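Notes follow the structure.
A short reminder: the numbers here are calculations on the coordinates, not readings from a lab. Computed from a prediction, not measured in an experiment: that's the story for all the values here. Positions of Cβ are backbone-derived with ideal geometry, glycine not excepted, and every protein chain shown enters the neighbour counts.
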Amino acid sequence: MTSTPTLSRWDPFRELSKVQDQVNRFFEDSFLHRAGDGSLSTWAPEVDIHETPDALVLEADLAGIDEKDLDIRVENNLLTIRGERKFEKKVDEASYLRVERSYGSFTRSFSLPHTINTDHIQAEYRHGVLTVRLPKREEAKPKQVKIDVKSSP
């Protein structure tokens, strides 16, 4: 029994996006994540943003951060998320064989389109993931109008 190979449509923009992500990670790993002693470094949490008919939804990986250490603000259509992951020395520092997680303060900012209703933004923090729901203004939501077709005599 032979299987038929699955064909998928080639999307050059998806490939370009993958290359851009790899280049960005290379530079972030090379320059941003170097710390003097290897235990603390500058970092930025990874974020996914998707769109629904009613809102933009931002999800940020913030595992190990206390909710009270988060600050989320919107000013002049700029969403800013600030926080800090604290390095708690539960064991003697000399006992660490490897420290790969990033610690310290971070800031992420995102320009919001004018279609966002900034008065109704909601944020939820659960299981180490921050979800920010950015609702669209009514006039920006997609509208569908049914048009009746009449036959002419």
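Does a label point 7 Å from the Cα of SER17, set along Cα-to-beta-carbon, have any residues of the range 41-61 with amide nitrogen under 12 Å, and which are they?
48-51
Among residues other than VAL57 whose Cβ falls under 12 Å from its Cβ, what is the net charge (Lys/Arg +1, Asp/Glu -1)? Please list the in-between numbers first.
Numbers: positive: ARG133, LYS136; negative: ASP48, GLU51, ASP54, GLU59, GLU124.
Taking every Cβ under 12 Å from that of VAL57, the sum is -3.
Starting from the amide H of VAL99, placed 1.01 Å from N in the peptide plane, find each other amide H under 5 Å away whose residue is 5 or more places distant or on another chain.
Under 5 Å from the amide H of VAL99 lies no amide H from a residue far enough along the sequence or on another chain.
Pulled fully out, how much extra length does the chain show between GLU51 and LYS143, if you take 0.36 nm times their separation in residues and subtract their Cα-Cα distance? Please report the intermediate quantities before stating the final value.
On the way: separation 92, 0.36 × 92 = 33.12 nm, distance 1.56 nm.
Value of the extension gain: 31.6 nm.
Going down the list LYS18/LYS136; LYS68/LYS136; LYS18/LYS146; LYS18/LYS90, which pairs span over 31 Å between their C-alpha atoms?
Where the Cα-Cα span goes over 31 Å, the pairs concerned are LYS18/LYS146; LYS18/LYS90.
Can you list the HN-Hα couplings for the range 51-57, worked out from phi with the Karplus curve (6.51, -1.76, 1.60; θ = phi - 60°), rounded to whole Hz and with x for Gly and Pro?
Here the 3J(HN,Hα) series is 10, 10, x, 9, 6, 9, 10 Hz.
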